[in-house]
1. Evaluate the stretch B:175-182: report whether one residue or more is open to solvent by less than 30 Å² (accessible area, probe 1.4 Å) and not polar (S, T, N, Q).
2. Restricting attention to the stretch B:375-387, which residues are within 14 Å of chain A (Cβ to nearest Cβ) and not hydrophobic (A, V, I, L, M, F, W, C)?
3. Here is a list of conditions, (1) facing another protein chain (nearest Cβ under 7 Å); (2) open to solvent by less than 10 Å² (accessible area, probe 1.4 Å); (3) not acidic (Asp, Glu), and residue B:53 meets all of them except one; can you say which number that is?
4. Of the numbered conditions (1) in a helix (DSSP H, G or I); (2) farther than 21 Å from residue B:60 by Cβ, residue B:305 satisfies every one except a single condition; which is it?
5. Just for the stretch B:259-273: of the residues that are without any contact (Cβ under 8 Å) to a residue 60 or more places away in the chain and either buried (at least 21 other Cβ atoms within 10 Å of the Cβ) or charged (D, E, K, R) (or both), which one is farthest from residue A:103 (Cα to Cα)?
6. Which one is surrounded by the most Cβ atoms within 10 Å (Cβ to Cβ), of the residues in the stretch A:27-48 that are at the interface with chain B (Cβ under 7 Å from one of its Cβ atoms) and in a helix (DSSP H, G or I)?
7. Tell me, yes or no, whether the stretch A:311-326 has at least one residue that is open to solvent by less than 60 Å² (accessible area, probe 1.4 Å), more than 14 Å from chain B (Cβ to nearest Cβ) and not in a loop (DSSP other than H, G, I, E, B).
8. Can you tell me which of B:193, B:234 is crowded, with 19+ Cβ neighbours inside 10 Å and of a type in the set (D, E, K, R)?
Protein chains: 2
Amino acid sequence: MNGAEALIKTAIDCGIELCFANPGTTELPIVGALDRIAGIKGVLGLFEGVCTGAADGFGRMAERPAMTLLHLGPGLGNGIANLHNARRAHTPVVNIIGEHATWHRPVDPPLAMDIEGLAGPVSGWVRTTASTKELPGDIVEAVRAASSGCIATLIVPHDYQLGACTTQAPPFPGNEFDPLDAAEIEAAATLLRNKKKTALILGGKTLSSEGLAIAARIRGMMGCDLLAETFPARMERGSGLPIVEHIPYLPKYAQAMLADYDGVVLVGAKDPVTFFGYPGVPSRILRADQEETAIGTGGQDLVEALSTLADSLKGKGVGAPASSAQVKRPPIPEGALTSAAVCQTLAALQPEGAIIVDEGGATSVRYYLMSDVLPPHTILRITGGSIGYGMPCAVGAALACPDRTVINFQADGGALYTVQALWNEAREGLNITTLICSNRSYRTLVGELRRAGVEKPGKNAQALVSLTDPAIDWISVSRGFGVPAVSVTDVAALADALKRSLAEPGPSLIEMVLGS
Amino acid sequence: MNGAEALIKTAIDCGIELCFANPGTTELPIVGALDRIAGIKGVLGLFEGVCTGAADGFGRMAERPAMTLLHLGPGLGNGIANLHNARRAHTPVVNIIGEHATWHRPVDPPLAMDIEGLAGPVSGWVRTTASTKELPGDIVEAVRAASSGCIATLIVPHDYQLGACTTQAPPFPGNEFDPLDAAEIEAAATLLRNKKKTALILGGKTLSSEGLAIAARIRGMMGCDLLAETFPARMERGSGLPIVEHIPYLPKYAQAMLADYDGVVLVGAKDPVTFFGYPGVPSRILRADQEETAIGTGGQDLVEALSTLADSLKGKGVGAPASSAQVKRPPIPEGALTSAAVCQTLAALQPEGAIIVDEGGATSVRYYLMSDVLPPHTILRITGGSIGYGMPCAVGAALACPDRTVINFQADGGALYTVQALWNEAREGLNITTLICSNRSYRTLVGELRRAGVEKPGKNAQALVSLTDPAIDWISVSRGFGVPAVSVTDVAALADALKRSLAEPGPSLIEMVLGS
């Protein structure tokens, strides 16, 4: 068995089943090993940003890591942006990069780059394998590190992939949580008991069905509100689950939402801050006089921390836990294809159990005002703000959950970053409906320009925020990658197209030409 | 004047005229400044890899830097791969990255990343601006550093863009070369005089018309051969210029070419090495017993170094400088669309003064066997081996040379990395003909698999090197981005399509469906 085969065998033993790859010569022994040792399916991405984004989507839904296989520094570079989103989502990803043979590296061949330097900013764990015999142990370590919720990057020189490997891998320990911190729990309980108006701000695994049920129990006992971080990695939502409002993206709305709380408890969410620094607007949404405490910090099990907090409260039950028990779908609207109409149409038609991959930018905001009363579904959002996450994430989510419908609510600007993911939808026959919000501009940026005082952009600014001249012909682009597509300009046509897409297996794309 | 305006004004004073950008909120003051201070044209890329690749193409042809404007760490990440190619090409690029406001950075907002850490591996010069008043000086420094042939990355916090700036920029010194090294010249002259069979291995600016003429003079005096590095950033070629052979990509051919030289002089080229490390094959192409020396190293003027070497030789003239004085176009071939037929068709039809952007991978190799006797033209090649350089590079080259025809000889695998560049061709109406080598696989990688002993890839390997299931519909993809396209399956149709494309203004794409 060579090092590459040992790597693959060990990865299989650690539970890896998918490898999102765009390999090159320095990864060929691993490609060969994928053939000779059955257990991991290779999925080619036409661009590495598709590979890393798909690994993110898979990890969010499967709750275990997929593997990537990227070619040297440039291949990693192309994957950086979606690794950034995965890092912010605490998605487990085992990121494998081939490196030149150690004896070849000193001559600085054309593709040589400082791969560790490049990997550092997005990885929670980085290692370059030091010899063939270390490889099995390195992979176990990488999967263990990734499973704690980070990007684990293992760089594997070509000669170590080829070397004979007789080392036995140490057993995979699985994911291990740090012990709970009783003082944190006690501080949170004290805050909830003593402060008048309080909220739990939920993030990470607390937005699972289990976490939300516990949060609802605490709300029932203490009367606190339940809020969610602005861009959760994954959130269960819909009837039967407690209503949880997201903290808005725009500072003034976020400030308004949080202004009256005397104290908040963070559970898997970070202290709320503005997305960007706006002159005259504080970075923190909460004021210094608002008390804040956190439970489940570091490597603790968030759901267990929340559960322990609930047990410690022994509250009296100030009311039945509010939840959206009943499905109340809005009707399909009529008329022009506005952002609101698009959101409402989706809310009217999305099937139970849908996975909504939201990179809808300026268009999808209103969707959340309607979606808490829909049949249960899952929301994935853009955690790191790096656009181009939606299409690849949808691919990964669909591969993790082949029996569920994936709806990619997708801004056009972001879609164009990683449009190559459409090919994977076609190649794998994935049940993904892509709704392109075709406003033909970077609409969020137009809004930011306006907030910065630029009402009428000049020629240069206009050229830099507009997606016209020419407008993208989405039907052609989508078909070019093998995904059938239609373009709609009114709500009736959108509803028809969406119904048809949801009824048929395999991928399809609907360009929604938006008026406003 | 705010910092952003001072930045733009100074950049204009330093000769910057193009800004390839995909800005976000943290770059908006610079976007605004591009509007208010005329002199730099903003060119939007739908993806940052297009921006950096276009800056590379522009810099290679214009011989001065363009500016990029990228959004935070993820925007830079997306541009890394083509910056790597530009770094290896010694292309001058002024790479501007917005950063969060310094007062906002400590709260670690979602888009925050270690930008300097990310920039390091591809930059010859990196700085984060320390205050608004430093900005004009920083830009001068960045342009100066870039002009010496590197990526100069300047990271500019948002608050410093907004601050009032009264600082006067220091004058732009222009590019300054290091003094020539007389000992280097003397050593090279001694080698050429004393060794029996010698060669100049040319790279960088020595492959300009001026450099080649000097090299031919040396050949005329000393009888040495003229060779070129395998993947030059830019090379003038064709009738009237001396015939210079590239060192082949495959080690056995490279070794065969260089085996008999007693001594070589490197002029702007690195010591030849294999592209990858192959077991049993030495990294260096030359043996230890073959003498090697270099002139013009470090920051020297390569053409001046070569010229000084020529002057110092005072040789007796062993023969007239061999050059391809006459144009000998091959005829348009007949029959099936093989790699050889494609190369010959291009050689038969390319116009005088064409810029050939070659990312033709396995298909374009034979082109160089025919192209030294064509009318004068310029070759740009993939210097860093990071695929996806061709289409963006063509965009930059066409913007630098609007009066010349650009032909992008483009492998399909690489084309799919940065296909968004087609939109720039349409938007700017660029005279670019894209020849897609549609072999529907990563053919180079299939060859490398074969060399690694894998004749028949298994299911996983097949999936990872093939571009079928479905095949890309290039006509649709191209039209989707606004570029008219045709698909051809025989030589006659290719010749017709190529003639038509070259005769008409604006971009077009020809998919060449290759048999072998």
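The values are calculated or read from the model by the stated rules, or taken from the named source; none is laboratory data. Note that this is a predicted model, so its numbers are computed, not measured. All Cβ positions, even for glycine, are placed from backbone atoms using ideal geometry, and neighbour counts span all protein chains on display. Just the protein is used for accessible areas: all its heavy atoms, side chains included, with ligands, DNA and RNA removed. Shrake-Rupley method; radii C 1.70, N 1.55, O 1.52, S 1.80 Å.
1. Within the stretch B:175-182, the subset open to solvent by less than 30 Å² (accessible area, probe 1.4 Å) is none.
Checked against the condition, which is being open to solvent by less than 30 Å² (accessible area, probe 1.4 Å) and not polar (S, T, N, Q), the stretch B:175-182 yields no hits at all.
2. B:381, B:383, B:384, B:385, B:386
3. (1)
4. Among (1) in a helix (DSSP H, G or I); (2) farther than 21 Å from residue B:60 by Cβ, the lone unmet condition for residue B:305 is (2).
5. Out of the qualifying residues, it is B:271.
6. A:31
7. Yes.
8. Residue meeting the stated conditions: B:234.
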